[in-house]
Amino acid sequence: MVLLKQALIAAAACITSTAAVTINVGASGGNATGYGQTRYGFLHEDINNSGDGGIYAELIRNRAFQYSRKYPVSLDAYRPINGAKLSIQMLDEPLSDALPASMRVRGQAGEGAVGFQNEGYWGMDVKRQTYTGSFWVRGHYEGSFTASLRSNLTDAVFGSTKIKSKSVAGEWVEHKYELVPKKDAPNSNNTLAITFDPTGTNSGHLDFNLISLFPPTFKNRRNGLRIDLAEALLEFNPSVIRFPGGNMLEGNTNRSYWDWKDSIGPLRYRPGFAGVWDYQQTHGLGLVEYLEWAEDFNCEFVVAVYAGLSLNGDITPRSDLQPFIDDALNEIEFIRGPADSPWGARRAELGHPEPFKLEYVEVGNEDWLAGGLKGWDTYRKYRFPLFQKAIQAAYPDIEVLYSGATTDGFPQTHSFPQDAIGDYHPYREPDWLVREFNRFDNETLRHIVGEVAAVHVNGGIRWEGDLYDFPWWIGTVGEAISMIGYERNADRVLGTFFAPVLRNMNRWQWSITLIQFAADPALTTRSTSWYIWSMFAHHPITETLPVSSGAGFGPVYYGAGRDETRGGAMVWKGAVYNTTNNADVPIKVAFEGVEAGTKAQLSMATQPEGDPWAYNDPFAGVNVVDVSRRVVTANGEGVFEFAMPELSVAVLDTDVGDGGGKRRRGLPGKPPGFRPVQ
């Protein structure tokens, strides 16, 4: 019956004419969201170098020579200066047990200053601003070090500073400095260089480790976030963040999962992580940094805990599961326990005496996928029930999330827990996302849509061949229609998350993201999807309202609600997909109780050239999305009238002065330096 209903919706999209669509919105009879305003947000895990080399602002790649069985130790990103010999050393007395490898720099006395340079994450942005650097050195040295930011293409040096040596034989000593370039670099093809005079050493060499350089960070956080990327995400207006994954949580094996304890404390004691997306991770963006990220964004968050299943299919047997359950409880205590609890005290030591507010914990990630039927079966039979029982016994107010949805996995062996919140991940083609419009109409259990995006072209074979190049316009409109459907069921859909969110254009594994970037901030690009998600996030509702129309759904898909936090503002959201002749569709929206002369803000997103394949290319610098805003006035019958072209998305909001209530942070628009389509 559900499949038949979906087929009828799709068929209606093909045969419906472009006659005027009149939509009546009732003043009562809908459903409260049950959690305040509708939530839009994102999942972050370190994929596409979105953490290291991305939103984590560290500029030095391979700063501590971290390695694992999967990723051998190397001198990646380093080059010698003036004939220096660089080598990896495993010293008897390393910087720490967590960082056993270091780099030896050997030079020839009398040949001048020697050293090394690091090319960063495919370049470094150099501006006239204060950079904060540090490095650890072992070995006797009398003299000074010179740290400089210089071009990788020419002899240009944009800024340098001298650091008096504190180095002594047999000890690791940290050196800190600030560097302010005298001029901006013309491009991002730059390096950090550190040099010294080997004449001042006893042995002709020094050992280096944990070489770090940060630009100014978002909210001036130490070990913080890259400003332009954080601001682009904040402007989207998220209200909820999910971390730390995603596949990253599970790890490659049950000996290399994402262990939160390894990600806290001084960087000197963070061993790094054998990432699941083809590169070693530093653990610089650790649990505390994630919590501060949510705090600085004023977002709620969902924390996922490792549940005994890894990507290679390793499954923890029941007899060995208790240590992982205890570890999850310790993690929760670290996040929200009082400062006099064992793990709350550890958090306080790290500068956070006040607990973070944690209300949602997810057990595992996509346990229906890795490990096949056995993975899903063990999750259903003992892994999830044991975690859930322990978490709810210790924290009765925490909502526990199941790592799948009622439609996932193997129904013949699956009984969905009635008191859990499901997690649904529809990576789809645009047409399929349109069919998602009614996915939750008859759902009785609560879910989050923990990951969603249009990733495949219509008619393609799922997961065969590459994903599309970037989020593209017809895919974005498909996402909008699914989101309207989720919002129509906001009493059962507790949040919708885009995933993944960031893509470094120099190394990536997943092409569909909200934002693309590189070392040069000029390449930071908001995708077509960013504009629609931002529109919806800026116009939240606290309850749905009933809608009726003789036209039904297709080619216009819509929903409506009220936001009591903004004085009862009425909100209508709609999208047009697959009209028969590409003609504009006349729309009439009548909110019950709205009188003639009432004003509303109409925001409409279109692709001016009508190209369904259009996308925002960071290297083209052209924004293919037009977001227009105007105030419309209800006619003598209290009806708002406007027209929507094919493949367009619109929001009508009677709160003309705010358009986003308490969470408003500025409406989506053209990013600086980004040219609108001509």
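Within region 304-337, can you find the residues that are more than 21 Å from G375 (Cβ to Cβ) and touching a Leu at 6+ places or on another chain (Cβ under 6 Å)?
Hits for region 304-337 are I335, R336.
Would you mind stating whether N252 is modelled with pLDDT of 95 or more, in a loop (DSSP other than H, G, I, E, B), under 15 Å from K357 (Cα atoms) and not small (G, A, S)? Please lay out each step first, then the result.
Numbers: modelled with pLDDT of 95 or more: yes; in a loop (DSSP other than H, G, I, E, B): yes; under 15 Å from K357 (Cα atoms): no; not small (G, A, S): yes.
No, not satisfied.
For region 132-145, what are the residues that are aromatic (F, W, Y) and either in contact with a helix residue (DSSP H, G or I) (Cβ under 8 Å, 6 or more places away or on another chain) or open to solvent by 10 Å² or more (accessible area, probe 1.4 Å) (or both)?
Those that are aromatic (F, W, Y) and either in contact with a helix residue (DSSP H, G or I) (Cβ under 8 Å, 6 or more places away or on another chain) or open to solvent by 10 Å² or more (accessible area, probe 1.4 Å) (or both): W136, Y141.
Given the condition surrounded by 17 or more Cβ atoms within 10 Å (Cβ to Cβ) and closer than 18 Å to R270 by Cα, answer yes or no: does some residue in region 78-95 qualify?
The answer is yes; a qualifying residue exists.
Quick check, is T513 buried (at least 24 other Cβ atoms within 10 Å of the Cβ), of a type in the set (V, I, T), in contact with a Lys or Arg (Cβ under 6 Å, 6 or more places away or on another chain) and modelled with pLDDT of 95 or more?
yes
Only one of Y279, Y269 is touching a residue at least 40 places away in the same chain (Cβ under 8 Å), over 17 Å from the mean Cα position of the chain (by Cα) and closer than 15 Å to G51 by Cα; which? Reasoning before the result, please.
Details: Y269 fails: closer than 15 Å to G51 by Cα.
When all the criteria are applied, what remains is Y279.
Taking into account only those residues within region 634-678 that are under 17 Å from T476 (Cβ atoms) and at pLDDT 50 or above, which is surrounded by the fewest Cβ atoms within 10 Å (Cβ to Cβ)?
That would be P645.
Hey, can you tell me all the residues within region 1-44 that are at pLDDT 70 or above, surrounded by fewer than 21 Cβ atoms within 10 Å (Cβ to Cβ) and more than 30 Å from P238 (Cα to Cα)?
Answer for region 1-44, where residues must be at pLDDT 70 or above, surrounded by fewer than 21 Cβ atoms within 10 Å (Cβ to Cβ) and more than 30 Å from P238 (Cα to Cα): A19, A20, T22.
Sort through V240, V180 and tell me the only one that's of a type in the set (A, V, I, L, M), open to solvent by 60 Å² or more (accessible area, probe 1.4 Å) and in contact with a strand residue (DSSP E or B) (Cβ under 9 Å, 6 or more places away or on another chain).
Of the residues listed, the single one that is of a type in the set (A, V, I, L, M), open to solvent by 60 Å² or more (accessible area, probe 1.4 Å) and in contact with a strand residue (DSSP E or B) (Cβ under 9 Å, 6 or more places away or on another chain) is V180.
Residues are listed down the side, and each one gets a yes or a no for (1) open to solvent by less than 10 Å² (accessible area, probe 1.4 Å); (2) in contact (Cβ under 8 Å) with a residue 40 or more places away in the chain:
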site	(1), (2)
T130	no, yes
L149	yes, yes
T154	no, no
T161	no, no
K164	no, no
A169	no, no
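Hey, does region 533-544 have a residue that's more than 27 Å from the chain's Cα centre (by Cα) and at pLDDT below 95?
Scanning region 533-544 turns up no residue that is more than 27 Å from the chain's Cα centre (by Cα) and at pLDDT below 95.
List every residue pair whose Cβ atoms lie under 9 Å apart, where the two residues are 6 or more positions apart in sequence or sit on different chains, the first residue falls within region 559-575 and is free of Cβ contacts under 8 Å to residues at least 60 places away in the same chain and surrounded by fewer than 24 Cβ atoms within 10 Å (Cβ to Cβ), and the second residue, located anywhere, is assigned to a strand (DSSP E or B) and basic (K, R).
Taking only residues 6 or more apart or on different chains, the pairs are G568/R562.
I'm told Q280 meets every condition in (1) over 22 Å from E451 (Cβ atoms); (2) surrounded by fewer than 20 Cβ atoms within 10 Å (Cβ to Cβ); (3) polar (S, T, N, Q) except one. Can you identify the failing condition by its number?
(2)
Please name all residue pairs, on different chains or six or more residues apart, with Cβ atoms under 7 Å, provided the first residue is in region 242-255 and is among the hydroxyl-bearing types (S, T, Y) and the second residue is not in a helix (DSSP H, G or I).
As it stands, the answer is T253/S310; T253/N312; T253/D314, since those pairs meet every condition given.
Out of curiosity, is S549 of a type in the set (S, T, Y) and either closer than 18 Å to N49 by Cβ or open to solvent by 10 Å² or more (accessible area, probe 1.4 Å) (or both)?
Working: of a type in the set (S, T, Y): yes; either closer than 18 Å to N49 by Cβ or open to solvent by 10 Å² or more (accessible area, probe 1.4 Å) (or both): yes.
Yes: the conditions hold for S549.
Quick one: R61 ticks every box in (1) within 36 Å of the chain's Cα centre (by Cα); (2) more than 21 Å from A519 (Cβ to Cβ) except a single one, so which number is it?
(2)
Quick check: is even one residue across region 207-221 among the acidic types (D, E), modelled with pLDDT of 95 or more and open to solvent by 30 Å² or more (accessible area, probe 1.4 Å)?
Looking through region 207-221, none of the residues is among the acidic types (D, E), modelled with pLDDT of 95 or more and open to solvent by 30 Å² or more (accessible area, probe 1.4 Å).
Restricting to region 335-353, count the residues that are open to solvent by less than 70 Å² (accessible area, probe 1.4 Å), without any contact (Cβ under 8 Å) to a residue 12 or more places away in the chain and outside any loop (DSSP other than H, G, I, E, B).
Here the count works out to 3.
The values are calculated or read from the model by the stated rules, or taken from the named source; none is laboratory data. Predicted model only: the values in this text are computed from it and were never measured. For neighbour counting, all protein chains shown are included, and Cβ atoms are generated from backbone atoms with ideal geometry for every residue, glycine included. Quick note on the areas: whole protein, heavy atoms, side chains included, nothing else; ligands and nucleic acids left out. Shrake-Rupley method; radii C 1.70, N 1.55, O 1.52, S 1.80 Å.
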